Amino acid sequence: MMRRVKRVTGLRAFALAAVATCCSLAGGLAFASAPALAEYTESFSFNAPETGFSEPLGVAVNRSSGDVYVADSGNNALRTFSISGHVATQIEKASMPIEGAVPDQVVVDEYNNANKGDVFVATYGGGAVYRFGPEGKYLSAFVEGLPNPTGVTVDEAGNVFVALVFENEVLEYNSSGQPINAAGTVVSAGENVVVSGGGQTFQTVTVSPSGNNLYVSASTGGTIQYTLESGTYVMTKTIASGDHASAALTSSGNILVDSKSEVSEYEPNGTLVTSFGSGTLGESQGVGSNGSTVYVGDTRNNLVYVYTSGVTPPAEPVLTVEKEGTGSGEVVSKAPNEGLIECGSKCSGEVAENTEVTLEAKVSPGSEFKGWDSTCESEPSATECVVTMSASKTVKAVFDQEPKPEYKLTVTAPAEGTITGTGGIECGPSASKCSVEIEEGKTVELKETAEAGFKFKEWNTTPSVCTTTNPCTFTMPGEPVAVAATNEVTHAAPLTVVVTGEGKVTSSPGAIECGEGATKCTEEFEGTVTLTAAEGSEYTFAGWIGCKHTGPNTCTVDVTGETEVTAVFLAKGKEGPQGNEGKPGTNGADGTNGGEGPAGPAGPAGSNGSNGSNGEKGANGANGAQGPAGPAGPAGPAGKQGPAGKVQLVTCTKHGKKQKCTTKLVSGPVKFKTGKDASFSHATLARAGRVLAAGTASLSGGRLHLRLSSSKALKAGHYTLTLVSGHGVHAHITREAFTVS
């Protein structure tokens, strides 16, 4: 198939600059710190299956998968190959979406942006750049309606550059396909020309990761570098002269130039490193680099040649830049070593031994450059550092945030309290640090602690920075702040909760959380407090002492002075076995026979006859009903009595203003110690942990008398009797001997 330039200009066919998937900038990757490629030797070549290649042009490699993409221009297709050793296996062949669209330069977007992994193909005759997926399948048109696009490349921001062959222009688009200028601003179509070559004939284009340098290969003029300066691309140097088809960048930042009969490697300053392929290549039209491997498309031999670097030069010294501090900025290397360091993103690079490198610090807004470390041999200006690379070196640059202005914070404490907080504020009757300078934007916290008999009421601030909560937290504004606190009289008094057994007590208002590992048992309150009891797993709640019962497990207490409430939790007792059933009594004696029943009915009268002898006597009538049963016989003996029940004791003792209660489960005889208060004021009868009866108990004549009101009929069985004596918070347990059966 005749190439477009041949047909129009008579020039030799040309191809795209393929992307180096491992490290080539055209492939979208940052330079790695690797030695320059040298002494390339032919490794192998491969063709396409079935029809074979027809003028293969652009070549690109996916760094992640190692797959190789070839623009098969004569077959209007993009072919995708997997490489294993010296074997290339085709895994996809995708035709161009419209007839006559000739695929030219190919590039893989290897960067972490919206199109990562996608393959872009510039098509001469199709007037478009098409987008394919990583597997080589067609996705969509990226941009259409272009005059003769032959080159395409992508930078790390996802910006796409397109070379137009006859217009000798390079256009720029963002990752969404919108036209943009060199400064990155979206513009109208036709206003996105970032490079214009005059009389040169542009073939392909390659870009550095940062987008700062464009390398344009032209059939007249060679390979030319354009550098972004103040929002405009300016031609800065010619890497090499001649009739060039494409270019690619190596892992070390060197430039591979395809001059259609051989491939040459140049340093950024234009120094030739090596050349290869002469005598083998018929007409090379596309080159791509993947680490130490170079792929070259040959349109005359219809093959893709693979070259590898057989000799690696000694490692060059590595210059590394480290940024420190709280601020931000960038360090770059200056000419003639521009591109060596762009930190930012590229903070190390190899350089020839004894090369003198000048570094420059560029400060980001809101930061300031504080200086270099001692590695610098000289500092021509406050932001420049010069080092001679006699060996690998590391240079540290310090960027700090610009200091923000400070404003005065003044606090006024009430006569009955102290304010403490940020910056060492401690202001009150016995402390006098009541003002401090605070940096704008810093978080400030102030807390007011009231003296006994008072409580915090409100903050008064200028400007308004505090809410009604204490402590007050705010961000220091760009102006002075005055804060004052006021208190009010409080009648709060301490409320102490004592828990016996296992359970937890909480309060509303919420402050008390006492029992089962919680230790917040004392807090000051003013007014009515509601307490709630929660039983432990093996305990049942028995009741309150010193608190008004309001529900199954709640009570209220009016706190007007120092107050103590006890919550009693009792261990759940187990019911004793039931006694054996008594033997049945004997049957009662038989009752007497009933009286004679009434006579049967008379027979019919006989006819008058002669007087005969007397007839026989008639039969007796049926017996009458049985009479009532006689009295019952004596009852049988009673069954054996079951074992004695158990008694749960609650014992409370007074320790100063505190009261401690303990519980004990006993059986058999129980002794109660008789005190001044010899009557029991409260008694409960429970079974299996459930209270079934409650009331009062009294002790008289050595005997215990119970008056209980049950919630349901009591059945025979074994119960737990609980006795609590006394009134209010001064409760006593009175003991006397008795047995519960």
Would you mind ranking D243, D298, D104 so that the residue whose beta carbon has the fewest other beta carbons within 10 Å leads the list? D243, D298, D104
If a/c stays under 1.5 just call it rounded; otherwise compare a/b with b/c (prolate if a/b is bigger, oblate if not). Do that for segment 131-219, with a ≥ b ≥ c from the square roots of the Cα gyration tensor eigenvalues. rounded
Which is farthest toward the positive dipole end of segment 385-468 among C466, G428, P414, measuring Cα position about the Cα centre, with Cβ charges +1 (Lys, Arg) and -1 (Asp, Glu)? C466
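Take the alpha carbon gyration tensor of segment 269-425, find the square roots of its eigenvalues, order them as a ≥ b ≥ c, and report rounded if a/c is under 1.5; if not, report prolate when a/b exceeds b/c, else oblate.
Details: a/c = 4.30, a/b = 2.66, b/c = 1.61.
Since a/c reaches 1.5 and a/b is larger than b/c, the shape of segment 269-425 is classed as prolate.
Let me check I've understood the local charge: for G270, count other residues with C-beta under 14 angstrom from its C-beta, Lys and Arg +1, Asp and Glu -1. What total comes out? Mind showing how you got there, number by number?
On the way: positive: K237; negative: E265, E267, E338.
Computed value for this residue: -2.
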Which FRET efficiency value, to the nearest 0.05, do you get for A157 and A335 by plugging their Cβ-Cβ distance into 1/(1 + (r/R0)^6) with R0 = 22 Å? 0.40
May I ask for the distance between the Cα centers of segment 512-536 and segment 37-78, given as a whole number of Å? 80
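Tally the DSSP beta bridges in segment 493-571 and give the antiparallel ones as a percent, rounded to 5.
Just about 85 percent of them are antiparallel.
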Can you give me the distance in nm between label points at S345 and A183, each placed 7 Å from the Cα along the Cα-to-Cβ direction? 2.2
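Stokes-Einstein at 10 °C, 1.306 mPa s, Kirkwood radius from Cα pairs: D for segment 318-401 in µm² s⁻¹?
Details: Rh = 12.5 Å.
Using the Kirkwood radius from Cα pairs, D works out to 127 µm²/s.
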Cβ-based charge dipole, segment 493-571, positive-most Cα from A511, V498, F541: F541
7 Å from Cα along Cα→Cβ at both T560 and E360: what's the point-to-point distance in nm? 8.5
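Give me the number: length gained by fully extending R300 to A518, i.e. 0.36 nm times residue separation minus the C-alpha to C-alpha distance, one decimal in nm. It would help to have the intermediate numbers written out before the result.
Values: separation 218, 0.36 × 218 = 78.48 nm, distance 8.77 nm.
Here the segment from R300 to A518 would lengthen by 69.7 nm.
Report the FRET efficiency, 1/(1 + (r/R0)^6), for E451 and T530, where r is their Cβ-Cβ distance and R0 is 30 Å, rounded to 0.05. Don't jump to the answer; show the numbers that get you there.
On the way: r = 28 Å, r/R0 = 0.94.
The value I calculate is 0.60.
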Simple SL model, points at 7 angstrom along Cα→Cβ for E99 and T412; separation in nm is 9.1
Rg(Cα) of segment 156-284 divided by 2.2 N^0.38 Å? 1.06
Output the peptides 284-291, 540-547, 315-322 sorted from most to least packed, where packing is the average of other Cβ atoms within 10 Å over each peptide's residues. 284-291, 540-547, 315-322
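Give me the number: length gained by fully extending T473 to T388, i.e. 0.36 nm times residue separation minus the C-alpha to C-alpha distance, one decimal in nm. Please list the in-between numbers first.
On the way: separation 85, 0.36 × 85 = 30.60 nm, distance 5.29 nm.
Extra length available between T473 and T388 comes to 25.3 nm.
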Given Cβ charges of +1 for Lys and Arg and -1 for Asp and Glu, the option among F53, Q105, V170 whose Cα lies farthest towards the positive end of the dipole of segment 4-309 is F53
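A short reminder: the numbers here are calculations on the coordinates, not readings from a lab. All figures in this text were calculated on a predicted structure; none of them were measured in a lab. Cβ sites come from the backbone with ideal geometry, for glycine too, and all protein chains shown count toward neighbours.
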